[in-house]
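See below for the structure under consideration.
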Amino acid sequence: MVSTGRPGPGRAGGPADLACSGLTVRVDGHTLLDGVDLAVAAGHWCSVAGPNGAGKTTLVRAITGLARHDGSVRVGGNLLERLSRRERARLVALVPQEPVVPPGVHVFDYVMLGRTAHLRPLGVEGATDHAVASRVIGELDLAALSDRTVSSLSGGERRRTVIARALAQESPVLVLDEPTTGLDLAYQQEVLDLIAHLCHERGLTVVSTMHDLTLAGAYSDELVLVAGGRVVANGPVAETLTAENLALVTRARFRLLDEGGTTVVVPLPPRATGR
């Protein structure tokens, strides 16, 4: 049953599924997203991969209500298009690729911004909001940094701080747009390990866009491949991350290897030229 009022199932961080139907985004006569269907079970991690311009970020913006779209998005039985921005934020939290961080803001205050969706208009944070922010900061190992300005943090610390803000919303669905952008390999693993922990231990439903197909396959339960604003393949990682499917979304030279059950996508150098 679809809700037409305030968020019901899945509120306050409880498990909830995500279902998108016929998502279409058009801008200035150009179709950026064309009839995308997406279903993610509660507590599962779905990664969306594809080339630049494939529509990955547009999909994220549609799911989170930042892009005008046709079609529908449902979380835990709630039709998000019928909810206010505040109500939607209680169900879906976004970690953008390039977050806007107010100059000079400290870690604790930045994480507290995630509580905005729970405040009344012109309201101020209360004891519960402070407790939630403090708990999330502790769980993400940011307590020693809470008095630091966000701008003074390392790349991995900043990414954890942005995730902490999203978690402070206590939304059952977490959407991340290229969460490893600009991070070295160690920080990439640190951030993805954290997301995997949150997904499996808290039952969060996670949707992420990722360029690195190996990482997407290693951490996700399901994989969606997009090109030209359309889904060209989707399903469990083992069934989707194949040479045949990758040929639909990339012209790159690659080889697929099996490393302990994980599919590794290895880029190949140029072919010999005979020189």
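The values are calculated or read from the model by the stated rules, or taken from the named source; none is laboratory data. All of these numbers come straight from a predicted model, not from anything done at the bench. Cβ atoms come from the backbone with ideal geometry, glycine included; neighbour counts cover every protein chain shown.
What residue, among those in segment 126-154 that are under 22 Å from the mean Cα position of the chain (by Cα) and of a type in the set (Asp, Glu), is surrounded by the most Cβ atoms within 10 Å (Cβ to Cβ)? The extreme case among them is 139.
Each residue in segment 235-266 was checked for being assigned to a strand (DSSP E or B) and either over 18 Å from residue 211 (Cβ atoms) or over 25 Å from the mean Cα position of the chain (by Cα) (or both), and 8 of them qualify.
So is residue 103 assigned by TED's automatic domain parsing to the domain that holds residue 143 and not acidic (Asp, Glu) or not? Against the criterion (assigned by TED's automatic domain parsing to the domain that holds residue 143 and not acidic (Asp, Glu)), residue 103 qualifies. Elements of the type helices (runs of 4 or more DSSP H) sitting completely within segment 144-221 and holding at least 3 residues that are without any contact (Cβ under 8 Å) to a residue 24 or more places away in the chain: these cover 185-202. Filtering segment 87-125 to residues that are in a loop (DSSP other than H, G, I, E, B), at pLDDT 90 or above and over 19 Å from the mean Cα position of the chain (by Cα) leaves 102, 103, 104, 105.
If the condition is being in contact with a helix residue (DSSP H, G or I) (Cβ under 9 Å, 6 or more places away or on another chain) and surrounded by fewer than 15 Cβ atoms within 10 Å (Cβ to Cβ), then segment 20-65 contributes only 27.
Residues in segment 66-94 that are among the charged types (D, E, K, R), surrounded by fewer than 22 Cβ atoms within 10 Å (Cβ to Cβ) and touching a Ser or Thr at 6+ places or on another chain (Cβ under 7 Å): 70, 81, 82. For the condition closer than 20 Å to residue 89 by Cβ and in the same structural domain as residue 159 (by TED's automatic domain parsing), what is the one hit in 143, 133? The unique qualifying residue is 133.
This table checks each residue for (1) in contact with an Asp or Glu (Cβ under 9 Å, 6 or more places away or on another chain); (2) closer than 21 Å to residue 87 by Cα.
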| position | (1), (2) |
| --- | --- |
| 30 | no, no |
| 34 | no, no |
| 50 | no, no |
| 56 | yes, no |
| 61 | yes, yes |
| 66 | no, yes |
| 69 | yes, yes |
| 72 | yes, yes |
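Put simply, of 76, 35, 55 the only residue that is closer than 25 Å to residue 209 by Cα and under 16 Å from the mean Cα position of the chain (by Cα) is 55. With the structure loaded, tell me whether residue 226 is of a type outside the set (Gly, Ala, Ser), in contact (Cβ under 8 Å) with a residue 24 or more places away in the chain, surrounded by 15 or more Cβ atoms within 10 Å (Cβ to Cβ) and part of a loop (DSSP other than H, G, I, E, B) or whether it fails that test. Considered against the rule, which asks whether it is of a type outside the set (Gly, Ala, Ser), in contact (Cβ under 8 Å) with a residue 24 or more places away in the chain, surrounded by 15 or more Cβ atoms within 10 Å (Cβ to Cβ) and part of a loop (DSSP other than H, G, I, E, B), residue 226 comes out as no.
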